[in-house]
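Everything on this sheet refers to the single structure shown next.
The values are calculated or read from the model by the stated rules, or taken from the named source; none is laboratory data. Predicted model, so just to flag it, every value in this text is computed and none were measured. Note that each Cβ is placed from the backbone with ideal geometry, even for glycine, and that neighbours are counted across all protein chains shown. We work out accessible area using only protein heavy atoms, side chains counted, and drop any ligands, DNA or RNA first. Shrake-Rupley method; radii C 1.70, N 1.55, O 1.52, S 1.80 Å.
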Amino acid sequence: MESKLQYKENSYWNKRFASEAHFEWLADWKKFQRLILPRLSKSDRILHIGCGNSRLSHELFEAGFTDVTNVDFSEILIENGKQRYPEMKWVCNDMRTLHSIPSGSMDVVVEKASIESLLVAERSQWDPSDQAISDVDAILRSVQRVLKHDGIFISISFTQPHFRIPAIIRNPGWSCTVETFGDYFHYYCYVMKMGESPDLNELGKYSSILQNNNYVTSSVTLPEDSEDWLQGIDFEEF
């Protein structure tokens, strides 16, 4: 049985993507499209970070959003994408820097469970490591940099609001709303809009739960090693 700690490693994903054509983390497009489509315009420049071999980018493209750029740190995944789906753009980058993406160039940035993939070493949602905090901060800063002044960031996540919201609102310059979806487990759709202020009266109920300064990032208590660790989380324990 493989260790989930490998999910942080580039070599693991290169090997996996060399043979795996598709894997969908969390939920498929049909489960949350109603939360996203009303916020998009067909002319939007969309950046999918940590794209992996999800079909999210393809679903967006097929829905008429044809200016899609996919970012992943796996060279194998990006090269496969360029060959198989040349109608979209493919860039090999770390989402903590997005160094190849020009500042202020994107209308929309979207991610689905890619932030969680960097947090697999975290054993408790109550005590995130300095590295976890640094990684999440770096991702959020990079996303803010590449977005236009009125752009939006959409994050599809299983991380509960009282762990994700403090990190979001600690980075000023955007608002945040959160909606839930899912039939059995609750997943979360976070939407941040640049150039707006967060409603602290609404969001403060999440951040006030976490008084210690360490509680500013998203982390989760993970089950024992399993390929399906995302699907296997018992949300009732939170």
Please get the size of the charge dipole for segment 1-212, origin at its Cα centre, with Cβ charges of +1 on Lys and Arg and -1 on Asp and Glu, quoted in debye to the nearest 20.
-> 160 debye
Could you check what % of the DSSP bridge pairs in segment 1-212 are antiparallel, to the nearest 5?
-> 45 percent
Fraction of accessible area attributable to carbon and sulfur, segment 1-212 (%, probe 1.4 Å) = 50 percent
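Cross-link list Lys89/Lys193; Lys30/Lys205; Lys15/Lys193: which exceed 27 angstrom alpha carbon to alpha carbon?
Working: Lys89/Lys193 24 Å; Lys30/Lys205 30 Å; Lys15/Lys193 36 Å.
Result: Lys30/Lys205; Lys15/Lys193 exceed 27 Å.
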Say R0 is 22 Å: what FRET efficiency, to the nearest 0.05, do Asn10 and Gln83 get from their beta-carbon distance?
-> 0.65
Tell me, what HN-Hα J-couplings in whole Hz come from the Karplus equation 6.51 cos²θ - 1.76 cosθ + 1.60 at θ = phi - 60° for each residue of segment 119-131, using x for Gly and Pro?
-> 10, 5, 7, 6, 9, 9, 6, 8, 9, x, 6, 4, 5
When we measure straight from the Cα of Lys31, which lysines land under 17 angstrom away, once same-chain ones fewer than 8 places off are left out?
-> Lys112
Using 7 Å Cα-to-Cβ label points, what is the Thr177/His99 separation (nm, one decimal)?
-> 3.7 nm
Counting only C-alpha contacts under 8 Å and six or more residues apart, can you give the relative contact order of segment 65-199 as a whole percent?
-> 21 percent
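If R0 is 25 Å, what FRET efficiency do you get for Trp126 and Leu200 from their C-beta distance, rounded to 0.05? Write out the running numbers ahead of the final one.
Values: r = 23 Å, r/R0 = 0.91.
My answer for the efficiency is 0.65.
If you average 1/r over all unlike Cα pairs in segment 29-180 and invert the result, what Kirkwood radius do you get in angstrom?
Working: mean 1/r = 0.0626 Å⁻¹.
So the Kirkwood estimate lands at 16.0 Å.
Tell me the per residue accessible area of segment 69-126 using a 1.4 Å probe; a whole number in Å² is fine.
Numbers: 2350 Å² over 58 residues.
Computed with neighbouring chains in place, this is 41 Å² per residue.
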